[in-house]
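Here's the structure, in structure tokens; my notes come after.
None of the figures in this text is laboratory data; all of them are computed from the coordinates on show. This one's a predicted model, so the numbers in the text were calculated from it and none came from an experiment. Because the Cβ atoms are built from the backbone with ideal geometry, glycine has one as well, and the counts that use them run over all protein chains shown.
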Amino acid sequence: MADKVIIFDTTLRDGEQSPGCSMTTPEKLKVAEMLVELGVDVIEAGFPITSPGDFEAVRAVAQKFGDRATICGLARCRKSDIERAAEALHGIARPRIHVFLATSPIHRQFKLKMAEREIVKAAVEHVQLAKSFCDDVEFSPEDAARTELDFLTEVVEKAIEAGATTVNIPDTVGYATPMHYFKVISHLKQHVSNIDRAIISTHCHNDLGLAVANSLAAVEAGARQIECTINGLGERAGNAALEEIVMALKTREDYFGVVTGINTPKLCSASRLVSSITGMLVQRNKAIVGQNAFAHEAGIHQDGILKERTTYEIMRAEDVGFVGVNLVLGKHSGRHAIRSRTVELGYQLDDVQVENVYRDFIALADKKKVVYDADIVALIDNRMNVSPDRWKLVRFHIAAGTGTIPTATVELCDESATASVVPSDAAADAQPVRPTLRDAAIGDGPVDAVCKAMERIIGVTAELKDYQVRAVSGGEDAQGEASVEIDYLGRRYHGKAVSTDIIEASALAYLKALNKAVSERPSA
């Protein structure tokens, strides 16, 4: 029976530290639910000491999913950090406290200003403190890849002796190469006298594009936990990508001789969810989950695929839940067809969500001749907003063209306002009417004008940091997917939306970002 590699996902902690990728608590809960369904063994839910919001997010994830996966909280080797993490994880079935302390010469000299003896003492004391709160304790010697092997060996041995059940060997700055990292893990396996009492873990950053390769090299050397993130999110160039790690181990099980517990057909839907929530688009040629991952353009490749798939494909698209642009439905398709197709695409929607997606589909089918799988996925993702929006776009009008000043008139509905009473003689299904607000603005172009008009109505002024539009599927009538990133009061917020009208998609995406910003405004 093959050894199992534990998959430790840190999308909610290290992934969220990627600039512009912060998530609200409802968004973290949605991602955590997806990670549980994916079969992730350990979820690092956050760094509880950093802020009240992060504490509450870790607490919420722990309370909801602490009996289905190990929930981990990060802490520095500080008493207050560890106590705060323990408080966030209190009462759940499977808690883990992850403590870390830098060990490399450069960190010792310039960041910590601590001698080797002081670091060993602090590591032991704080692992013991964490152990007093829960049995499952992980210790990380930060920047281990640049730490002297003899000192690293001593620190790891003392941490295990103090109670650490997992020792993580981070390549914090992405400095290692596969052979270098293999030698580090091998050295610890051979020279740490009590290494059999703990699981060796990897945590590799991607600064040199080697995070996945280094993690796999560590598995060859004996590591049995890999720390990774969906889509490789993380500080700077990111972390090892979970989907690449998992499929490398699955596809080359003959070589590695290990397995994971990941439900691989959910990989693509997990990637899309994280991309939708964070606003970080996945590049088309991204391994496993990119739009071109299973595309074949060259005639020789196409001929080979038609004769025998394995000539040019080492994985099946269905094994990762990949969705191409297959023609699926027409405007006369019913709710049952939509529900069936969403299940086939890897989504489990409730009746309300199916109804909403169906209505969006009917509206789209009136505009497009054909509807593709990719269109259905975009409609579902567009409905996956996990927190209610205060402001809704009712309508807008644009005046733009060569030689004219782009002008936009916008009408928004304030969902938080008190609705007017429905008359007694109104239809039984009549909905209460909420007040709307209108304003107009000029801009450098039609999209800019619409965005400025919405800002005037809502009463905020944000700075646009990133704006992208891409086609969801092929054809002149393809839906356009707009993604925006704004800066408001020093924080960044993302919004994404789809429409066959790219100005409408842009307006809806910008409004989603504004809604997130307003929801966190102190006066809100």
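Quick notes
- Here segment 391-519 was treated as a single set of alpha-carbon atoms; its pair distances binned every 5 Å from 0 give 2, 11, 18, 19, 19, 13, 9, 6, 3, 1, 0 percent.
- Where only C-alpha atoms are counted, convex hull volume of segment 323-382 per residue in Å³: 70
- Charged side chains reduced to their Cβ positions (Lys and Arg at +1, Asp and Glu at -1) give the chain a dipole of some 420 debye around its Cα centre.
- Dipole axis of the chain (+1 Lys, Arg; -1 Asp, Glu on Cβ), positive-most option in V357, A374, T402: T402
- Non-local lysine pairs in segment 3-278, meaning eight or more places apart or on different chains, with alpha-carbon distances under 14 Å, amount to 7.
- With an a/c value of 1.5 or above and a/b larger than b/c for the gyration tensor axes a ≥ b ≥ c computed over the alpha-carbon atoms, the chain is described as prolate.
- Spin-label pair A237/Q17, simplified geometry with 7 Å Cα→Cβ offset, distance in nm: 1.7
- In percent, rounded to a whole number, the relative contact order of segment 3-278 is 21, using alpha-carbon pairs under 8 Å and six or more apart.
- Antiparallel bridges, percent of DSSP beta bridges restricted to segment 3-278 (to nearest 5): 5
- Lysines with Cα under 20 Å of K465, excluding same-chain neighbours fewer than 8 positions away: K452, K496, K512, K516
- Size descriptors for segment 66-157, from the alpha-carbon set: Rg then Dmax equal 13.8, 42 Å.
- Across segment 3-278, the convex hull enclosing all Cα atoms gives 112 Å³ per residue.
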